[in-house]
Amino acid sequence: MLPYKRSQRVGDLIREEIAEIIMNKLKDPRIGFVTVTGVDLSPDMKSARIFVSILKEEEQGHSLEALNSSRAFMRSILGKRLRMKYIPHLDFKLDESINYGFKIDKILKDIREKDEDA
């Protein structure tokens, strides 16, 4: 038996396919340097929340808007590539975990510097 649920395996597959679609199929100039960091698939696999990281902060709003406006196009391509009964509804969200990690790293660095000074 596999060590994790089917929805996680399908989510990983969707993440790879969406990343490839964004890289090779989307021609929208509003989309900057986008990295697909994860997919949170519902247990019934009818909706997928796709987390993306966008390199430049000033491009985040435009890129996220462009990705959400091209959901139907990406869903149709997924339908051709994946053999699933239902192709999930896609919803793109900005991944805040990277910024959160940088914040924690900075706090830990400040604590270490205070300990060294004392």
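Here are some notes:
- Residues of region 55-90 that turn out to be of a type in the set (A, V, I, L, M), in a helix (DSSP H, G or I) and either surrounded by fewer than 13 Cβ atoms within 10 Å (Cβ to Cβ) or within 16 Å of the chain's Cα centre (by Cα) (or both), as a count: 6
- Identity of the residue in region 27-42, surrounded by fewer than 17 Cβ atoms within 10 Å (Cβ to Cβ) and under 17 Å from LEU78 (Cβ atoms), that ends up modelled with the lowest pLDDT: SER42
- Some residue of region 88-104 being in contact with a strand residue (DSSP E or B) (Cβ under 6 Å, 6 or more places away or on another chain) and at pLDDT below 85: yes
- Residue count for region 1-41, restricted to those that are outside any helix (DSSP H, G or I), out of contact with any strand residue (DSSP E or B) (no Cβ under 7 Å at 6 or more places or on another chain) and closer than 16 Å to LEU82 by Cβ: 1.
- Once region 42-62 is narrowed to residues that are touching a Leu at 6+ places or on another chain (Cβ under 9 Å) and of a type in the set (S, T, N, Q), the residue that is farthest from LEU82 (Cα to Cα) is GLN60.
The values are calculated or read from the model by the stated rules, or taken from the named source; none is laboratory data. Because the structure is predicted, anything quoted here is derived from the model rather than measured. Reconstructed Cβ throughout: ideal geometry from the backbone, glycine too, with neighbour counts over all protein chains shown.
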